[in-house]
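Below you'll find the structure, written out as structure tokens, and then a few comments.
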Number of protein chains: 2
Amino acid sequence: MKRSNRLIVLTQYFLENPHTHTQLPYFVDLCNTTKSSISEDLDIIHDVFEQQGIGYLHRTTGASGGVRFIPKNTEGKNEKFIQGLCEILKDPDRILPGGYLYMSDLLGDPKTVREIGRIFASSFASLEIDAIVTVATKGIPLAYAVASFLNVPVVIARRDPQVTEGSSVSINYVSGSSRKIQTMVLAKRSLKEGSKVCIIDDFMKAGGTITGIMNLLAEFDAEVKAIGVFAEADDEEEERKVTNYTSLIKISHVDPEEKKMEIIPGNYR
Amino acid sequence: MKRSNRLIVLTQYFLENPHTHTQLPYFVDLCNTTKSSISEDLDIIHDVFEQQGIGYLHRTTGASGGVRFIPKNTEGKNEKFIQGLCEILKDPDRILPGGYLYMSDLLGDPKTVREIGRIFASSFASLEIDAIVTVATKGIPLAYAVASFLNVPVVIARRDPQVTEGSSVSINYVSGSSRKIQTMVLAKRSLKEGSKVCIIDDFMKAGGTITGIMNLLAEFDAEVKAIGVFAEADDEEEERKVTNYTSLIKISHVDPEEKKMEIIPGNYR
């Protein structure tokens, strides 16, 4: 295989297999070439990925050495993307009764969702996360986007047990906004004891749901390494229960009557 | 930019932007080169994508001409992947009380989900679909995977209305398996009248849920161009209500007492 063809094949492989350790002989076979040619190809790809702000190739030497593609957005790229989202969300028509914000169109766009996933995955790249945990329903697409860039499985907690998931563990928690007691369940088979996890959700106000997930995860002896929420909103009535989290945007001073609010980048930087 | 660098940049662009019409001047700017060099690059990428069974570049000429990457799996690749899934699902420990099958681990793996999405997107590539529709919860990851390869938005119907989605349309339908009357709602803002849509779900037995979605979509004057379900299962008690669908695997003769079942590739070929 010629260099030009190899570069296309290898680029495709890395983009489809982020955070995957691959030994060089695999590529030697795949491209029917020599180890030194592959090594040169990897240098070129690494440099272009860095220039383009896509990420980098992490290479290790020795008997089990190989290469791993780490997706890593540049700060400038993130900044531009988040500012763009803030502009879109500022539209006063998005304010719904009760001070909620309509975001389903944004979170229904697979490209936007993937980009959000890429930003969280960039931030959490070095945490050696074993699984992404979310709660049904709205966090699911974001959780998969993050998971696909970190190459780890997604585990979904639910409000109600499902017959198709076998036996499960459940907890009760107090929802921050409605102050109602709610239930959250997680299938026993879905998470290994002692896993290092990252919690992903679309929205956080007082943090009741995230606290619920954390209590549920404690039953699995899981270690919460990171919490990522797409949008955080101020809750004037209640103190936030969760303090150590990463948010991409921050919504505050929502005034449904005046159709006004403030939307600024979150604490992700 | 040198050819080697350009090939990496262009490959990344196409993989991240499937089914997106892009005019050549965009690439001329991006790579700071000539139109004829870009044209040669596209020929090389097209050939490698075809050889690798990834898809192809569709080029159009004329004033608004350009290029579009169409993801298209080869049949051999699909065959191998589906056979692999069948083998995994055959494990008798997956049979749950009531004859259900545990699949959450498979559908929790982002790589598997993306591959399933790629297969459906390959099959439905020429249907000019405007949106993917699914119903919460389990179909959501698959719907996003298909949508990301077709470059269209995802619209999620729910069992209960959500305050964060504004006004909605709701219908009642009879669930095939439980024979209960259920509700399904879709936010009014979420789908334009007259859209051409593809329905995606993880599982279909008698087809009650899919029929429910179709009735709901009729309220939006939507045209259902395709239905894709990951797994279909025989329902001995009831005739199937949906006939025109694509399935990747087929489950039959589930015997929970004997822990036996048959799992074969679906009708996707």
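If only one of A:E223, A:E219, A:E258, A:E238 is assigned by TED's automatic domain parsing to the domain that holds A:R114, over 18 Å from A:G139 (Cα atoms), over 20 Å from the mean Cα position of the chain (by Cα) and without any contact (Cβ under 8 Å) to a residue 40 or more places away in the chain, which one is it?
A:E258
Name the residue that is farthest from the other protein chains (Cβ to nearest Cβ), counting only residues in the stretch B:132-179 that are within 23 Å of the chain's Cα centre (by Cα) and among the charged types (D, E, K, R).
So the residue we want is B:R159.
Of all residues in the stretch B:241-255, which are hydroxyl-bearing (S, T, Y) and either touching a residue at least 24 places away in the same chain (Cβ under 8 Å) or touching a Cys at 6+ places or on another chain (Cβ under 6 Å) (or both)? Steps first, please.
So in the stretch B:241-255, the residues hydroxyl-bearing (S, T, Y) come out as B:243, B:245-247, B:252.
Result: B:Y245, B:T246, B:S247.
Among the residues of the stretch B:158-166, are any at positive phi and among the charged types (D, E, K, R)?
No.
Search the stretch A:37-73 for residues being β-branched (V, I, T) and within 21 Å of A:L127 (Cβ to Cβ), and hand back the single one that is farthest from the other protein chains (Cβ to nearest Cβ). Give the derivation first.
Narrowing the stretch A:37-73 to residues β-branched (V, I, T): A:38, A:44-45, A:48, A:54, A:60-61, A:67, A:70.
Okay, now just the ones that are also within 21 Å of A:L127 (Cβ to Cβ), so A:54, A:60, A:67, A:70.
Working: A:I54: 6, A:T60: 22, A:V67: 15, A:I70: 15 Å.
Of everything passing the filter in the stretch A:37-73, A:T60 is farthest from the other protein chains (Cβ to nearest Cβ).
Residues to consider are A:V254, A:V197; find the one that is modelled with pLDDT under 90, buried (at least 17 other Cβ atoms within 10 Å of the Cβ) and within 14 Å of chain B (Cβ to nearest Cβ).
Selected residue: A:V254, the only one of A:V254, A:V197 that is modelled with pLDDT under 90, buried (at least 17 other Cβ atoms within 10 Å of the Cβ) and within 14 Å of chain B (Cβ to nearest Cβ).
Does A:V67 fit the bill of being in a strand (DSSP E or B), aliphatic (A, V, I, L, M), in contact with a strand residue (DSSP E or B) (Cβ under 8 Å, 6 or more places away or on another chain) and under 22 Å from B:L142 (Cβ atoms)?
no
Condition first: facing chain A (nearest Cβ under 9 Å), touching a residue at least 12 places away in the same chain (Cβ under 8 Å) and surrounded by 15 or more Cβ atoms within 10 Å (Cβ to Cβ). Now tell me which residues in the stretch B:7-31 satisfy that.
Residues satisfying the conditions are B:L7, B:V9, B:L10, B:T11, B:L15.
Taking the stated definitions as given, is B:T34 more than 26 Å from A:D47 (Cα to Cα), among the β-branched types (V, I, T) and more than 11 Å from chain A (Cβ to nearest Cβ)?
No.
Assuming B:K111 fulfils every condition listed in (1) surrounded by 19 or more Cβ atoms within 10 Å (Cβ to Cβ); (2) within 17 Å of B:L15 (Cα to Cα) apart from one, which condition is it?
Here B:K111 clears every test but (1).
Where residues in the stretch B:74-106 are assigned to a helix (DSSP H, G or I) and either hydroxyl-bearing (S, T, Y) or within 8 Å of chain A (Cβ to nearest Cβ) (or both), which of them is surrounded by the most Cβ atoms within 10 Å (Cβ to Cβ)?
Per the criteria, the residue is B:S104.
The values are calculated or read from the model by the stated rules, or taken from the named source; none is laboratory data. All of these numbers come straight from a predicted model, not from anything done at the bench. Every residue, glycine as well, gets a Cβ built from its backbone with ideal geometry; the counts of neighbours run over all protein chains shown.
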